[in-house]
Amino acid sequence: MADIDAFVKAEAESLVAELSRWCAIPSISTDPSHADDVRRSAEHLAGLMEAAGLHAEVIPVEGGQPAVYAEWLGAGPEAPTITVYGHHDVQPVDPLEQWTSPPFEPAVRDGCLHARGASDDKGQVHFQVSAIRHLLAADGSLPVNVKFFVEGEEEAGSPNVEAFLADHAERLACDVVLVSDTGMHSPEVPSMVTSMRGLMYFQVDLRTATADLHSGTFGGTVPNAVEALVRLLSGLKDGAGRIAIPGWYDDVLDLTDEERRQFAALPFDPEELKRDAAGVRVLPGEEGWSPLERIGGRPAADVNGIWGGYTGVGSKTIIPAEAHAKVSFRLVADQEPAKLEPLFEQWVRDGAPEGGEVVIQSFGKVRPCLTPLDHPGNRAAARAVARAFGAEPLFTREGGSGPERALSDALGVSCVYVGVMLPSDRTHAPDERLHLSHYYRGVRAAAYAYEEFARPGVVDALRALRG
Ligand SMILES: [Zn+2]
């Protein structure tokens, strides 16, 4: 295979220049005033892909932002087909005054490319495209068939991804999805994500009367909506930090001994985590699991906001008639939102005060996604990462949620995650940056991954799992 090392060394500067031109397009998907920029970003990427030797196409998304599809299918039907997933939209940039250089004027400092989207996720899509460009130029072919699905609204929560996948499943059909939108735990030790958590989000409205009441006239003899809601939510977790809703853990797959061994081998400094967590002084959570295990591998519940009663200046002696809260849950394999939603609703109704009226609204559900460590896709990708980083990667889990399970369900295959983002890349924050040494390793890891997926036996093992 072509010498990817030599390519990266020779092209180091031009690769960054090319990525910078793409990062200069402010493709903020959550801001309607940037819709034109998101479209331009999609067209720009399609141009880069065409120049790399892929057939690329911008696909409009009804009521949403355009995606980019690309393919190179010259390896033939016997060879594995990989669908690379990433996104070309970016987060908003506020607060602007905290950026050292403007977010859409990419600048290299301290070995990093600083720009919104440099790390999340344009840099990670670009290292894949760059690897393909080199392999096609040098060898005239790739060892695998490659397709790309690069979304334009991931940062907006991928609202149309399921409909898109339903429409384009045949086109995106593959043996494995290669997700290029995750990171490594530390710059010193390479690692690979094996799962994404699921998500459920609710608003709970509790009403105990048709209007607020005088606390002198009625105090001591009527229900108080705020007190009742606080009482209810204070029971969300038990004293051991476990979610106290009956049945919540029934389908949780515990981390395997091997996963726990790998979590324990990751470099971890609790003080650094506290600093990253905006200066918290303690790291409370479910007993029996380490902080890193809890972030990726265990369910979580959070009260995101609570309001009700009188909160203005001075005093107002009322008994509130209504109270409201936002509550979210992170789920792990094999928890199913469809099964847990009624458990939560029942728990709220059981804990609401007698005579109280409860309304529960649901704001979307994401299923969790897990690819076991010994999955042939993970094994092949781990060999590629080891070659690119010079050390065996450890397997870890991502605490966040994304469209990976939707991809995996729609295409009937597993997701494998090769990402080079670092915790210090300040994604979603001012001064987002991409560590160029990691980016260059990403180019190598992508090239090696195509090679490793093409090794004898891998495609058969992947196809056997599809059944
Ligand atoms: Zn991302």
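The values are calculated or read from the model by the stated rules, or taken from the named source; none is laboratory data. Predicted, not measured: the structure shown is a model, and the values here were computed from it. Neighbour counts are summed over all protein chains in view; Cβ atoms, including those assigned to glycine, are modelled from backbone coordinates with ideal geometry. SASA here: full protein model, heavy atoms, side chains in, ligands and nucleic acids out. Shrake-Rupley method; radii C 1.70, N 1.55, O 1.52, S 1.80 Å.
Structural remarks
- Qualifying residue in the range 250-265 (condition: touching a strand residue (DSSP E or B) at 6+ places or on another chain (Cβ under 6 Å), in contact (Cβ under 8 Å) with a residue 12 or more places away in the chain and more than 24 Å from residue 368 (Cα to Cα)): yes
- For residue 407, the criteria (1) aliphatic (A, V, I, L, M); (2) open to solvent by 10 Å² or more (accessible area, probe 1.4 Å); (3) closer than 30 Å to residue 169 by Cα hold in every case but one, which is (2).
- Of the criteria (1) within 16 Å of the ligand (Cβ to nearest atom); (2) surrounded by fewer than 14 Cβ atoms within 10 Å (Cβ to Cβ), which one residue 115 fails: (2)
- Those residues of the range 326-379 which are buried (at least 21 other Cβ atoms within 10 Å of the Cβ) and of a type in the set (Phe, Trp, Tyr), in sequence order: 329, 344
- Among the residues of the range 155-179, those identified as of a type outside the set (Gly, Ala, Ser) and over 21 Å from residue 381 (Cβ atoms) are 155, 159, 160, 161, 162, 164, 165, 167, 168, 170, 171.
- Filter pass, residue 182 being of a type in the set (Ser, Thr, Tyr), in contact (Cβ under 8 Å) with a residue 12 or more places away in the chain and open to solvent by 10 Å² or more (accessible area, probe 1.4 Å): no
- Residue check for residue 256: among the polar types (S, T, N, Q), open to solvent by 20 Å² or more (accessible area, probe 1.4 Å) and more than 21 Å from residue 324 (Cβ to Cβ): yes
Yes or no, residue by residue, for (1) farther than 30 Å from residue 454 by Cα; (2) surrounded by fewer than 22 Cβ atoms within 10 Å (Cβ to Cβ); (3) touching a residue at least 12 places away in the same chain (Cβ under 8 Å):
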{"site": "41", "(1), (2), (3)": "yes, no, yes"}
{"site": "46", "(1), (2), (3)": "no, no, yes"}
{"site": "56", "(1), (2), (3)": "no, no, yes"}
{"site": "60", "(1), (2), (3)": "yes, yes, no"}
{"site": "73", "(1), (2), (3)": "no, yes, yes"}
{"site": "79", "(1), (2), (3)": "no, yes, yes"}
{"site": "94", "(1), (2), (3)": "yes, yes, no"}
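- Within the range 130-140, the set of residues being touching a helix residue (DSSP H, G or I) at 6+ places or on another chain (Cβ under 8 Å) and either surrounded by fewer than 20 Cβ atoms within 10 Å (Cβ to Cβ) or part of a loop (DSSP other than H, G, I, E, B) (or both) comprises 136, 138.
- Any chance residue 175 is in contact with a Lys or Arg (Cβ under 7 Å, 6 or more places away or on another chain), among the acidic types (Asp, Glu), surrounded by 24 or more Cβ atoms within 10 Å (Cβ to Cβ) and at pLDDT 95 or above: yes
- Meets criteria (crowded, with 23+ Cβ neighbours inside 10 Å and among the small types (Gly, Ala, Ser)) for residue 399: no
- The listed residue being within 19 Å of the chain's Cα centre (by Cα) and in contact (Cβ under 8 Å) with a residue 60 or more places away in the chain, out of 189, 161: 161
- The set of residues in the range 260-269 being farther than 9 Å from residue 394 by Cα and surrounded by 13 or more Cβ atoms within 10 Å (Cβ to Cβ) consists of 260, 268.
- Residue within the range 25-34 that is open to solvent by 20 Å² or more (accessible area, probe 1.4 Å) and of a type in the set (A, V, I, L, M, F, W, C) present: no
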